[in-house]
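The values are calculated or read from the model by the stated rules, or taken from the named source; none is laboratory data. Not measured: the values here are computed from a predicted model. Cβ atoms come from the backbone with ideal geometry, glycine included; neighbour counts cover every protein chain shown. Areas reflect the complete protein model, heavy atoms only, side chains present, ligands, DNA and RNA absent. Shrake-Rupley method; radii C 1.70, N 1.55, O 1.52, S 1.80 Å.
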Amino acid sequence: MTALFSTGTVLFRVAGYAMSPVEFLGTLLTLWSVWLVTRRNVWTWPVGNLGGLLFAFLFYQIRLYSDLVEQIYYIATGFYGWWVWTRRGAAAEADLSVTVASPRLRAVSLGAIVIGTALMRFVMSRVNVWWPLWFPETASYPYWDAFTTVVSFTAQLLMAHKKLDCWPLWVLVDVIGIALYFVKGVVFVSFLYVIFLGLALNGWRSWRRTRTA
């Protein structure tokens, strides 16, 4: 069982690239989850949580610590989103309708992104000093890593409440992610974000057609 979660286990090779089970299964489940959310299918949440769990193991082993924190957040909000989408009653019906965020919610979201990015960049730039045993190396691209992480946090919560505004945020995260992961040399993950970008654009178009307010 431990071999399933180890990046040292080779499931198969593609053009010399050693694919581990944890990376392969995590990628498939995450892609499936993104496709499900474009269809407004409630199963996006449990499937996404399984993918997030596998990616958490992956990112810890390759020392992408901000991404590890991001996966933990996704799992927590995944349970929240699952609960929101499966409630019964009048309030639940409103939550299940695609709507646009109010000006106040947009302002709060923007403020959270600005403040959250600054705080996360500050912390991630110093984790190797504060906790060298757990984080032995300095963070790479701490600003862009923090920015995409915080924007993802915001988009995930907006998505849980079916706010159309989540999709332009996901598009922004995917565009930056394509470049960031390519520069970092993880070309497979960069290609994965190209697929995410296409799914995000499709989800944006699909949700826009079904919005109620």
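Among F12, F188, F24, the residue with the largest mean-square fluctuation in a Gaussian network model of the chain, with springs joining Cα atoms closer than 10 Å, is F12.
Leaving ligands, DNA and RNA out of it, report the carbon-plus-sulfur percent of the accessible area of the chain at a 1.4 Å probe. Kindly include the intermediate steps, with their values, before the conclusion.
Values: 7980 of 11410 Å².
Ligands and nucleic acids excluded, carbon and sulfur reach 70 percent.
With angles folded into 0 to 90 degrees, how steeply does helix 103-124 sit against the dominant principal axis of the chain? Use alpha carbons for both and round to 10. Approximately 10 degrees, to the nearest 10.
Computed from Cα positions, the angle between helix 44-61 and the longest principal axis of the chain comes to roughly 20 degrees. A simple rule links phi to the HN-Hα coupling: the Karplus curve 6.51 cos²θ - 1.76 cosθ + 1.60 with θ = phi - 60°, which for region 167-172 gives 6, x, 5, 5, 4, 4 Hz, with x for Gly and Pro.
Sort 35-48, 141-154, 122-135 for me by packing, meaning the mean count of neighbouring Cβ atoms within 10 Å per residue, highest on top.
My ranking of the peptides, most packed first, is 141-154, 35-48, 122-135.
Spread over its residues, the convex hull of the C-alpha atoms of the chain is 124 Å³ per residue.
Taking amide H as placed 1.01 Å from N in the peptide plane, the amide H of M19 sits under 5 Å from that of L11, F12, R13, V14, each at least 5 places away or on another chain. Region 158-190 to region 13-42: how many Å between their Cα centroids? Here the two parts' Cα centres lie 15 Å apart.
Axis of helix 187-210 versus longest Cα principal axis of the chain: the two differ by about 0°, to the nearest ten degrees.
Starting from the Kirkwood Rh over alpha-carbon pairs, what translational D in µm² s⁻¹ does region 20-133 have by Stokes-Einstein at 10 °C and 1.306 mPa s? Could you put the intermediate results ahead of the total?
Working: Rh = 16.2 Å.
This corresponds to a translational diffusion coefficient of 98 µm²/s.
Put a plus charge on the Cβ of each Lys and Arg, a minus charge on the Cβ of each Asp and Glu, and nothing anywhere else: the dipole of the chain about its Cα centre is then about 660 debye. From most to least packed by mean Cβ count within 10 Å, the peptides 76-84, 14-22 give 76-84, 14-22.
Per residue, the chain reaches -23500 deg cm²/dmol at 222 nm when only DSSP H runs of four or more residues are counted, each adding -39500 (n - 2.57). For the chain, the per residue solvent-accessible surface stands at 54 Å², with DNA, RNA and ligands left out and a 1.4 Å probe.
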